[in-house]
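Data first, discussion second: the structure below is written as structure tokens.
No lab work stands behind these numbers, since they all come straight from the coordinates. Being a predicted model, the structure only gives us computed values, none of them experimental. Virtual Cβ from ideal backbone geometry, glycine too; neighbours counted across all protein chains shown.
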Amino acid sequence: MSIITVVKNSENLLEETIQSVLSQTYSNIEYIIIDGASTDRTIDVIRQYDGKIHHWMSEPDSGISEAFNKGICLSKGEWINFLNAGDVFWQRDTVERVSQCFDRGLILTGFAQFGKK
């Protein structure tokens, strides 16, 4: 499974997203981060996890759709999940639980829940 995070100038949000992906109990995750040439410390945050992120790039793009497409082109997973900067998985076993549906050929979609901390 490939998890793609797109980001631009979200240094304060990105680390929680990265940690959410890296803490998943499902072991077969390819993690890709596409940065739209951030001008804040976003790249510094990404570099802290350099050895745990399978691929990342930082370059200008024309918006979130182009960033999504860059991530898709880099992904090698049979399944793709987009988890944008500032988003997190509900639990550490979320991907593992969803993976149980992979072999059934189901199309899965989810609903976001927004809340204040």
Problem - Listed candidates (i) 1.32; (ii) 1.73; (iii) 1.03 - label of the one calculated as Cα Rg over 2.2 N^0.38 Å - result: (iii)
Completion exercise
Between Glu11 and Cys73, the FRET efficiency computed from the C-beta separation at R0 = 30 Å comes out, to the nearest 0.05, as 0.75
Practice task
Provide the packing ranking of 12-19, 24-31, i.e. peptides ordered by the mean count of other C-beta atoms within 10 Å per residue, highest first.
Solution key: 12-19, 24-31
Fill in the blank from the handout: With R₀ set to 35 angstrom, the calculated FRET efficiency between the beta-carbons of Glu30 and Ser62, to the nearest 0.05, is 0.90
Practice task
Taking 7 Å along the Cα-to-C-beta vector as the label spot, tell me the Arg97-His54 distance in nanometres, rounded to one decimal.
Solution key: 2.3 nm
Problem - Euclidean distance of C-alpha centroids, region 47-102 and region 1-31, integer Å - result: 6 Å
Practice task
Output the relative contact order of the chain, whole-number percent, from Cα pairs under 8 angstrom with separation of 6+ residues.
Solution key: 39 percent
Handout entry: MRE, 222 nm, helices only [DSSP H, n ≥ 4, -39500 (n - 2.57), over the chain, to nearest 500]
Key = -8500 deg cm²/dmol
Fill in the blank from the handout: Residue separation between Phe82 and Arg47 times 0.36 nm, minus their alpha-carbon distance, gives in nm 10.6 nm
Practice task
Would you please name the chymotrypsin sites (Phe, Trp or Tyr not before Pro) within region 58-97 that are DSSP coil residues with at most 10 other C-beta atoms within 10 Å of their C-beta?
Solution key: Trp90
Exercise for the section: Set the Förster radius R0 to 25 Å, insert the Cβ-Cβ distance between Asp40 and Trp90 as r into 1/(1 + (r/R0)^6), and round the FRET efficiency to 0.05. Expected result: 0.35
Handout entry: Cβ-based net charge around Val21, under 12 Å, with every Lys or Arg adding one and every Asp or Glu removing one
Key = -2
